[in-house]
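I have placed the structure first, in the form of structure tokens, so that the comments after it can refer back to it.
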Amino acid sequence: MTSDRLKVILEVPVHWFRNSLDGERHRVFYSSLLGALSRFEARVDLRDAPFGTDDAPRVAPADSFLFSFHSHGETRRVLRLKESYIPPYYTIDRMGYGGFSELAKHPQRFEENIANFDLRKGKQTVEKWRQEFLQNNISKYSQPSTSEQRLPERFLFFPLQTIDDPVASLAHIDQMEALEVAARHCVKVDLPLVVKRHPLCRSPHIEKSLQQLVKKYPGLEATDASVHQVLDKAYAVMGANSGVLFEALIHGKPVISFGTSDYRQLTSQVNHAAKIPAAIDTIKIADQDSVARFIGWYMNDYCVHAEDIDAVFARIKSLLQQEGSAHDWHKSEETLVLDHYSKLDKIRRREAVWGRSWVIRFLSRIIP
């Protein structure tokens, strides 16, 4: 084994693994992550990652890389892992996730790759996911089946976020204040406003405030329908920085955002409540070619599928090289010996079924 092999400290999110909502996909992703690290023949030390440590500082030793789950920061030699807006895809970023990510903090570093992404492939990606949303009701959190609620013909959709979500701290305006300002203005311009509470929200404050606002503003109504049923019919969408706004872009809807996110350049951005009425009055759909290139690049190049070891390996290798890693990735003698024995056993098993043949031996060398 080479002495300069990659050294990794890997945070293990045991708490997330046990979560009934998304634990299975986290476990699958980590199996692919370990598979990718095995290709580097990395020496891996494990460390528990308790829930609620997003803000905790992460520091990697000078001779190692730290793979951190669900965290953010700007420390060198730290790669940060998190589920993306669309399951079962994950992001591996040097600074964090969503509005905390390198993509959000330094979008100029990615502009060239996004602009050069194949437009046809981008449009195919958008259409693929739009159909997945509509036909299979896929979202990060479980959605109800089709609701019988009759939605207005033309309305502004306002999806709420959980108030304890770390990215909520990146909102420029309190979401309930933004909702009331929007509701007040929508009454004036005769534009119905539909609001949906986050499926994981358990806040009594949000529940009470929402009930009061629905009673106060006649044009405001709450829905518990699937987010995709609502997005499909919405005229436009408004929110801080949640995954629903990302999904709205795939649905081809104009989006108003009042929080920092990694897709905000495709939205109409407001940073003060007083600017919300003007944003509603002047909202327009983003350039669809720009949306297609961004979504295509984001889903195909920036994110990795939880089961795709090749993609995880390639993403890690690219980021390690950006961090200046000079490790040699070739296989060790020990691994080459294991590969040799694996090929011999593959030939043995196939010949046991199909009989001894030079054809079997030849094909076994080139076919996994």
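The values are calculated or read from the model by the stated rules, or taken from the named source; none is laboratory data. Being a predicted model, the structure only gives us computed values, none of them experimental. Here Cβ is always computed from backbone atoms with ideal geometry, including for glycine, and neighbour counts include all displayed protein chains.
Got a number for residues in the range 300-337 being modelled with pLDDT under 90 and not polar (S, T, N, Q)?
Residues meeting the conditions: 11.
Take S332 and decide whether it is loosely packed, with under 14 Cβ neighbours inside 10 Å, free of Cβ contacts under 8 Å to residues at least 24 places away in the same chain and among the hydroxyl-bearing types (S, T, Y).
For S332, the condition - loosely packed, with under 14 Cβ neighbours inside 10 Å, free of Cβ contacts under 8 Å to residues at least 24 places away in the same chain and among the hydroxyl-bearing types (S, T, Y) - is not met.
Against the conditions (1) among the aliphatic types (A, V, I, L, M); (2) over 21 Å from P87 (Cβ atoms); (3) in contact (Cβ under 8 Å) with a residue 40 or more places away in the chain, where does V312 fall short? Just the number, please.
(2)
Touching a helix residue (DSSP H, G or I) at 6+ places or on another chain (Cβ under 9 Å), over 20 Å from G73 (Cβ atoms) and surrounded by 13 or more Cβ atoms within 10 Å (Cβ to Cβ) - does that describe any residue in the range 47-59?
No - not one qualifying residue is present in the range 47-59.
Please return the ranges of helices (runs of 4 or more DSSP H) entirely within the range 164-242 where 2 or more residues are among the polar types (S, T, N, Q) and surrounded by fewer than 18 Cβ atoms within 10 Å (Cβ to Cβ).
Passing ranges, in order: 204-216.
Can you find a residue that is touching a residue at least 40 places away in the same chain (Cβ under 8 Å) and within 19 Å of Y302 (Cβ to Cβ) anywhere in the range 51-58?
There is no residue in the range 51-58 that is touching a residue at least 40 places away in the same chain (Cβ under 8 Å) and within 19 Å of Y302 (Cβ to Cβ).
Test of understanding: among S71, S31, which residue is surrounded by fewer than 16 Cβ atoms within 10 Å (Cβ to Cβ), polar (S, T, N, Q), modelled with pLDDT of 95 or more and touching a helix residue (DSSP H, G or I) at 6+ places or on another chain (Cβ under 9 Å)?
S31
Give the number of residues within the range 128-152 that are acidic (D, E) and either surrounded by 13 or more Cβ atoms within 10 Å (Cβ to Cβ) or touching a residue at least 40 places away in the same chain (Cβ under 8 Å) (or both).
Residues that pass the stated criteria total 1.
Within the range 132-163, how many residues are within 18 Å of V237 (Cβ to Cβ) and not in a strand (DSSP E or B)?
Within the range 132-163, residues that are within 18 Å of V237 (Cβ to Cβ) and not in a strand (DSSP E or B) number 18.
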